[in-house]
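FYI, it's all coordinate maths here, none of it is from the lab. Only a predicted model underlies this, so the values are computations on that prediction, with no experimental measurement involved. No Cβ is skipped: glycine too gets one built from the backbone with ideal geometry, and neighbour counts run over all protein chains shown.
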Amino acid sequence: MAELAIDVHDLTKTYRTPFTRRRIEALRGVTFSVERGQIFGFVGPNGAGKTTTIRTLMGLVRPSSGRATLLGHALPSRDARHKIGFLPEAPYFYDYLDVGELCDLAGRLFGLPPQIRKARADELIERVGLGRARGQSLKKFSKGMLQRAGLAQALMNDPELVVLDEPMSGLDPIGRKEVRDLILALRDQGKTVFFSTHILSDVEAITDRVAIIARGQLQAHGTPAELVSQSVLGIEVTVRLPLPAGAGKPRRQAGSPEAPAGAPEAPEAPESVPPPGLPDAPDAAPDAPPSIDLALTRGATRVRRLGDELSLVLAADADVDAWITRAHAAGAKIVQIAPRHETLEDLFLRRVTPEEFPRAKGSPGTSPAVAPLPSVAGADRAAGENGQAEP
Amino acid sequence: MIGRIWAIALNTFREAARIRVLYGILVLVFATNLLAIFLGQLAVYDAGRVARDVGLAGISLFGSLTAIFLGVFLLYTEVQRRTIHVIVAKPISRWEFIAGKYAGMGLVLTVLVGVFALAMIAMVITQGTGVSSAIGKAVVLAWFEVLTVAAIAIFFSAFSTPFLSGIFALAMWVIGRLTPDLEAQVRAATPWIRITTRIALQIVPDIHLFAVSGRTLDGGAVSVHGEFVPWSYVGLAGIHGLGWIVALLALAALLFHRRDFA
């Protein structure tokens, strides 16, 4: 059996409200383990128990029951903390210090000699991209810069285990990528990285194992490949719709691709009717975009239109050849056909109730048989709110 | 261990040195000394006497108020702003953290008492009065007083809000200062009140031991202007204060150890 960096067994934490003494169960029997040298993603909605678990592991919170070991040391353990680097959620540091002084303070608390403190601080400050901000007090740092400073101080002791609570929070896309690269580099150095996040694309991109927590209980635990179903859930098809009869150039919407210069005009659409339950985009009137042939949407589990493009998800066992024939007959041009596998996001949304993660409602994978057609701007906004909008 | 405590102490010193209220208190102390010069000129007999009394009272009063202010805020803000999350996750015991915070506060208060004392000595010299060893002893006693009050404030701050901690610490300082007067007041009271008062006074540090000028000690009058306590008394008072400081910090560490930083 591989050596464990973290071993948590039946961990519970119950708080009581100050006056009414009402019980709040933040953790309810959480059990999981992290092998050494792995990147472990800890995923869950707000209030699921991610931060409580991490704070319990780091000795900030005393568990009500259960046991845990870090690097073989039972909690609470100062010996273990010697070998751990920790970045708290939304870190707040002494704002009168600069990043070098913050690293120096961390180094002193780890008992590092002055020369090593200085060398490590210099190296880490450059590594997290704060070289130019060395002399500035942390008071003047942006949220992303504070996050980087937090990463630098967390790595001062050259830790065996790095625990990061929401390390991508507040970072721009470049910063997120840099943190992802840093996490991967840490693993390459043989370190174990345990991090919590909301951003599922980050988890899918870099983790060896994942745990999903909700309502203080672990919902799933394993490698991303183990957790998600490998079977085909559906066929994703995107077609470009024909222009309506008598229309000139197709109307462009924000985000829709420009037609290439000199492209042949789309053939006239055959009998084409707006399907029931599929309202036009809000900004469609008065010069209506191409209407949708009802035959194309038959059997689709999800329909979405962006400008003159129509995206559908067909059932996994749908007759794709027949559908393509129908699409050609309707004058539509096939843009893309791809099988749709389950993603970590699908699993997450399945395990987490909409009440816990209300913004997940209407997201891909949880849609009813036929979803409304959001405008491009609306779709982008929804993705952004979920924190999953890629650059 | 010493290195970790020193790291926290230095950081606390830097943090406290940035608190503008402290500079306001310094200005207030200098203003009080100037007022003492003015009052001294109005005095019929000894202008230097007024300067010494006002100067020493200023060290005791402003030093203790500063100790309460720092004690109740410095620990609380660590928890409130969650800066403590980064610290406690490092290989440092919570008692080391408390000791470091106290040591940092002690450094700040020592500097302040030193500045207050220098201002008083300058004023006394301005008044044409010599600086006696009694003044030195009184300043050292005031320093012990300030350090003890700081430990009281830290103790309350380990489990209470700044407002309540401030009220409790202020109350203990006042009661500790007035212990002999309170004992005298209840001497003629009913046994029940007498016993209750004595028990209550036992759990309050004897801060009056640090402010002996103008009191009667072992049947003799003690005054910074005349016969003052010997250095042995100063030493014993210091040991007494140290005992309270250690006890209060140990209790604070115990309470802090049980706290969740959620």
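Taking the Cα atoms of segment B:52-134, what is the range of coordinates along each of the three principal axes, in descending order and whole Å?
Per principal axis, max minus min of the Cα coordinates gives 57, 20, 15 Å.
Counting only Cα atoms, I'd like the Rg/Rh figure for segment B:59-99, Kirkwood definition for Rh. Don't skip to the end; give the middle numbers.
Working: Rg = 12.9 Å, Rh = 11.5 Å.
With Rh from the inverse mean 1/r over Cα pairs, Rg/Rh is 1.12.
Within 10 Å of each Cβ in A:108-115, how many Cβ atoms from other chains are there, averaged over the peptide? List each step's numbers first, then the result.
Working: counts 9, 15, 6, 7, 1, 1, 0, 0.
The shielding value for this peptide is 5.
Other chains near A:97-105: what is the mean number of their Cβ atoms within 10 Å of each residue's Cβ?
On the way: counts 3, 0, 0, 0, 2, 2, 0, 2, 8.
Counting Cβ atoms of other protein chains within 10 Å of each residue's Cβ and averaging gives 2.
Below 13 angstrom from the Cβ of B:V72, what's the summed charge of the other residues (Lys, Arg +1; Asp, Glu -1)?
Numbers: positive: B:K101; negative: B:E78.
The answer is 0.
With the Cα gyration tensor of segment B:130-262 in hand, give its eigenvalues times 5 under a square root as the equivalent ellipsoid semi-axes, listed largest first in whole angstrom. List each step's numbers first, then the result.
Details: eigenvalues 169, 89, 26 Å².
Each semi-axis is the square root of five times an eigenvalue, giving 29, 21, 12 Å.
When a footprinting reagent is the concern and you count Cβ atoms within 10 Å, what order do A:F40, A:F32, B:F13 take, fewest first?
Lowest to highest Cβ neighbour count: B:F13, A:F32, A:F40.
Which whole-number percent of Cα pairs in segment B:13-100 have a distance greater than 21 Å? Kindly include the intermediate steps, with their values, before the conclusion.
Values: 1891 of 3828 pairs.
More than 21 Å apart: 49 percent of the Cα pairs in segment B:13-100.
Which peptide among A:112-125, A:196-209, A:13-26 comes first, and what is the full order, when sorted by highest mean count of other Cβ atoms within 10 Å?
Working: A:112-125: 16.3, A:196-209: 20.6, A:13-26: 11.9.
So the order, starting with the most tightly packed, is A:196-209, A:112-125, A:13-26.
Lysines within cross-link reach of A:K333: Cα-Cα under 20 Å, excluding same-chain residues under 8 positions apart?
A:K249
Pick from B:I92, B:I245, B:I25 the residue whose mean-square fluctuation is largest in a GNM of chain B, springs joining Cα atoms under 10 Å.
B:I92
What Rg and what Dmax come out for chain B when only alpha-carbon atoms are used, in angstroms?
Rg and Dmax of chain B, Cα atoms, are 19.6, 63 Å.
In Å, what Rg and Dmax follow from the Cα atoms of segment A:1-153?
Every Cα atom of segment A:1-153 included, Rg and Dmax give 17.8, 53 Å.
From the convex hull of the Cα coordinates of segment A:1-86, what is the mean projected area in square nanometres? Before the final figure, lay out each step's value.
Working: hull surface 24.8 nm².
Taking a quarter of the hull surface, the average projection is 6.2 nm².
What is the Cα coordinate range of the protein assembly as shown on the first, second and third principal axes, sorted by size from largest, in whole angstrom?
So the extents along the principal axes, rounded to whole Å, are 116, 58, 57.
In a shell of Cβ-Cβ distance under 11 Å around A:G170, excluding A:G170 itself, what net charge do Lys and Arg (+1) and Asp and Glu (-1) give?
Numbers: positive: A:K143, A:R148, A:R176; negative: A:E89, A:E166, A:D172.
Its environment carries a net charge of 0.
Just to be sure I understand: of the beta bridges DSSP finds with both ends in the protein assembly as shown, what percent are antiparallel, rounded to 5?
On the way: 46 of 64 bridges.
Percent antiparallel among DSSP bridges in the protein assembly as shown is about 70.
Determine the sum of side-chain charges near B:D206: Lys and Arg each +1, Asp and Glu each -1, restricted to other residues whose C-beta is under 15 angstrom from that of B:D206. If you can, show how the numbers build up before the last one.
Numbers: positive: B:R177, B:R198, B:R215; negative: B:E145, B:D181, B:E183.
It works out to a net charge of 0.
How many percent of the alpha carbon pairs in segment A:140-230 exceed a separation of 19 Å? Numbers along the way, then the final one.
Details: 1760 of 4095 pairs.
Summing the P(r) tail past 19 Å for segment A:140-230 gives 43 percent.
Output the peptides B:71-84, B:168-181 sorted from most to least packed, where packing is the average of other Cβ atoms within 10 Å over each peptide's residues. Show your work: numbers first, answer last.
Details: B:71-84: 20.1, B:168-181: 18.2.
Ranking, from highest mean packing down: B:71-84, B:168-181.
For the protein assembly as shown, with only Lys/Arg (+1) and Asp/Glu (-1) charged at the beta-carbon, what is the dipole magnitude about the Cα centre, in debye rounded to 20? Can you show the working numbers first?
Working: 67 positive and 60 negative charges, 434 e Å.
Here the size comes out at about 2080 debye.
Mind ranking A:340-346, A:82-88 by how tightly packed they are, going by the mean number of other C-beta atoms within 10 angstrom, highest first? Before the final figure, lay out each step's value.
Working: A:340-346: 18.1, A:82-88: 24.3.
Listed from highest to lowest mean packing, they are A:82-88, A:340-346.
Work out the mean other chain Cβ neighbour count within 10 Å for the residues of A:74-81 and drop it here as an integer.
Values: counts 0, 0, 3, 1, 5, 1, 1, 5.
The per-residue average across the peptide is 2.
Once the convex hull of the alpha carbons of segment A:293-356 is built, what does its volume come to per residue, in cubic angstrom? Walk me through the numbers on the way to the answer.
Working: hull volume 7.7 nm³, N = 64.
It comes to 121 Å³ per residue, whole-number rounded.
Provide, as a two-decimal number, the C-alpha radius of gyration of segment A:172-224 over 2.2 N^0.38 Å, N being how many residues it has. Walk me through the numbers before you get to the answer.
Values: Rg = 12.0 Å, N = 53, 2.2 N^0.38 = 9.9 Å.
My calculation over the Cα atoms of segment A:172-224 gives 1.21.
For segment A:110-190, what's the radius of gyration and Dmax over Cα atoms, in angstrom?
Rg then Dmax for segment A:110-190, in Å: 12.6, 36.
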